[in-house]
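Below is one structure, written out as structure tokens, with a few remarks after it.
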Amino acid sequence: MVTEVDHHDICIIGAGVIGLAVAHKITAHSAFKNKTVVLLEQHRQFGQETSSRNSEVIHAGIYYPAGSLKASMCVSGREQLYHYCETHQVPFRKTGKLIIAGKSQEQALHKIYQQALANGVKNLESISARQIKRKEPLIQADYALFSPESGIVNSHAYMQSLLHQAEKAGLIFAPLTRALMIERHANGFLVESQCQDSVYQFTCSQLVNAAGLNAQEVATKICAFPESEIPTQALVKGSYFTLQGKSPFHHLIYPVPEKNLKGLGIHVTLDMAGQVKFGPDTEALTTIDYSIDPGKEEKFRKAIAQYYPAISEHILQPAYSGIRPKLISKNGAADFVIQNGKAFAYDGLVQLFGIESPGLTASLAIGDAVTEILCQ
Ligand SMILES: Cc1cc2nc3c(=O)[nH]c(=O)nc-3n(C[C@H](O)[C@H](O)[C@H](O)COP(=O)(O)OP(=O)(O)OC[C@H]3O[C@@H](n4cnc5c(N)ncnc54)[C@H](O)[C@@H]3O)c2cc1C
């Protein structure tokens with residue numbers, strides 16, 4: 001007996017900012033006008049994992065290696081994101097950002113400046129200690145780069161808006177639905193999913209794996225997908241502490257980044273409500289664990305005191321943490337991987353691995369790249 005199952009043209013797994021940006025781009029594209037698109041999310045709500053556990057910074061695209069997807073998609077994604085926020089009433093602010101350095105870091109700062117130019121970042125300014133004091137009187141630094149293109153966004157409002165736009169264009173959003181197994185099928189793929197207490201099977205012609213930290217696990221559930229093509233992932237937690245009271249700062253303030261771009265250093269970010277957050281730090285994990293160790297406060301104070309000595313007068317409180325899906329690379333910072341399954345005879349499959357920072361900034365550019373592959 002043959003059982004009939006539902007068919008959707010495209011299935012996206014994961015409603016973080018990337019799955020949502022992909023859903024928005026696909027449903028807005030003329031090539032998919034009469035196609036059915038379903039977005040599966042294991043949680044009750046969209047954006048409950050990395051997409052709501054980050055700094056909410058719209059990055060300019062300064063640090064990433066020239067020619068990398070991170071560099072190009074950060075620059076093009078940032079321009080699109082500002083435009084999107086303006087046209088869809090998503091709260092954002094071009095705060096500008098200072099990358100500050102001490103006397104011994106002048107060379108390192110110069111290197112960052114050159115990197116930014118190579119990446120096509122515009123309007124970056126090298127400023128003196130006096131100019132730093134004028135912008136941020138309480139900050140202690142000898143040199144700085146000022147990036148006027150950097151800003152902040154209300155990431156929840158952004159994701160809500162992407163979902164709204166996609167649903168208006170016909171997207172079927174399926175929360176509380178976890179993709180379990182994927183098999184090859186005459187129609188493309190057969191997806192078995194757990195929807196609360198029942199198992200729901202359907203077929204789709206094209207499949208996008210945007211499962212964030214779980215992308216590798218989902219890939220292993222795709223029947224016979226070559227394991228050697230699944231990049232190895234390391235989990236790197238970043239914790240944040242908040243400052244009680246009114247913000248003493250007007251800009252985002254970053255120290256010179258850590259080696260190999262493991263993290264950007266414990267920096268100052270502001271949110272749309274004007275709250276100051278410090279972080280994220282870097283901590284290797286073996287399993288997902290979002291708890292915050294209050295014992296880290298001393299380490300945070302020490303790092304912050306290097307550029308903001310008055311931290312000793314403030315109360316710091318543990319806030320939240322996020323986990324970076326870092327890909328292992330022998331040559332330092334690994335790039336985003338946007339994998340077209342066609343290369344392995346899995347036509348119609350697109351998998352996204354290692355979408356760490358600047359994934360929020362680059363989300364619309366990533367949405368375009370995935371849409372382009374699905375159009376081929
Ligand atoms: C500490 C930190 C700070 C950051 N700061 C910034 C920043 O300031 N600016 C910036 O541009 N970027 C930043 N980023 C990066 C940015 O947050 C990520 O690139 C982005 O959120 C990744 O989104 P995603 O959709 O890929 O992943 P996620 O948000 O994790 O979404 C994946 C979704 O898939 C769902 N899922 C998983 N498995 C299944 C399954 N089997 N079935 C159904 N659903 C499933 C999950 O529940 C989740 O909702 C930061 C990241 C971290 C960790």
- request: Kindly indicate the residue of region 339-357 that is in a strand (DSSP E or B) and open to solvent by less than 10 Å² (accessible area, probe 1.4 Å) and also farthest from the ligand (Cβ to nearest atom) among those meeting that condition.
  value: LEU349
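Could you go through region 248-256 and let me know if any residue there is open to solvent by 60 Å² or more (accessible area, probe 1.4 Å) and either farther than 27 Å from ILE288 by Cβ or modelled with pLDDT of 95 or more (or both).
Within region 248-256, the first condition is being open to solvent by 60 Å² or more (accessible area, probe 1.4 Å), and the residues that meet it are 250.
From what's left, either farther than 27 Å from ILE288 by Cβ or modelled with pLDDT of 95 or more (or both): 250.
Scanning region 248-256, I find at least one residue that is open to solvent by 60 Å² or more (accessible area, probe 1.4 Å) and either farther than 27 Å from ILE288 by Cβ or modelled with pLDDT of 95 or more (or both), so the answer is yes.
Of the residues LYS342, LYS296, which single one is of a type in the set (D, E, K, R) and under 17 Å from SER228 (Cα atoms)?
When all the criteria are applied, what remains is LYS342.
Can you find a residue that is of a type in the set (Phe, Trp, Tyr) and within 11 Å of the ligand (Cβ to nearest atom) anywhere in region 42-50? Give the derivation first.
Quick first cut of region 42-50, residues of a type in the set (Phe, Trp, Tyr) only: 46.
Next cut, within 11 Å of the ligand (Cβ to nearest atom) only: 46.
Yes, there is a match, as at least one residue in region 42-50 is of a type in the set (Phe, Trp, Tyr) and within 11 Å of the ligand (Cβ to nearest atom).
Looking only at helices (runs of 4 or more DSSP H) that lie completely in region 95-182, which have at least 3 residues being open to solvent by 60 Å² or more (accessible area, probe 1.4 Å) and within 29 Å of SER68 (Cβ to Cβ)? Spell out the reasoning first.
Details: elements: 106-118, 129-135, 155-168.
Where helices (runs of 4 or more DSSP H) fall fully within region 95-182 and carry at least 3 residues being open to solvent by 60 Å² or more (accessible area, probe 1.4 Å) and within 29 Å of SER68 (Cβ to Cβ), they are 106-118.
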- prompt: Can you spot a residue in region 288-306 that is touching an Asp or Glu at 6+ places or on another chain (Cβ under 9 Å), open to solvent by 50 Å² or more (accessible area, probe 1.4 Å), part of a strand (DSSP E or B) and over 22 Å from THR95 (Cα atoms)?
  reply: no
task: Give me a count of the residues in region 196-218 that are over 26 Å from the mean Cα position of the chain (by Cα) and near the ligand (Cβ under 10 Å from one of its atoms).
output: 0
query: Considering region 18-41 alone, what residues qualify as being open to solvent by 10 Å² or more (accessible area, probe 1.4 Å) and near the ligand (Cβ under 10 Å from one of its atoms)?
result: ILE18, GLU41
message: Would you confirm, using the coordinates I've provided, whether HIS156 is without any contact (Cβ under 8 Å) to a residue 12 or more places away in the chain and under 30 Å from HIS24 (Cα atoms)?
response: no
statement: For region 313-338 the number of residues that are surrounded by fewer than 15 Cβ atoms within 10 Å (Cβ to Cβ), in contact (Cβ under 8 Å) with a residue 24 or more places away in the chain and small (Gly, Ala, Ser) is 1
- prompt: Would you pick out the residues in region 48-66 that are modelled with pLDDT of 95 or more, open to solvent by 20 Å² or more (accessible area, probe 1.4 Å) and in a loop (DSSP other than H, G, I, E, B)?
  reply: GLN48, GLU49, ARG53, ASN54, GLU56
task: Being among the charged types (D, E, K, R) and over 15 Å from HIS7 (Cβ atoms) is the filter here, so list the residues in region 185-208 that pass it.
output: ASP197
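The values are calculated or read from the model by the stated rules, or taken from the named source; none is laboratory data. Being a predicted model, the structure only gives us computed values, none of them experimental. Here the Cβ is made from the backbone with ideal geometry for all residues, glycine too, and neighbour counts use every protein chain on show. For accessibility, only protein heavy atoms count, side chains too; no ligands or nucleic acids. Shrake-Rupley method; radii C 1.70, N 1.55, O 1.52, S 1.80 Å.
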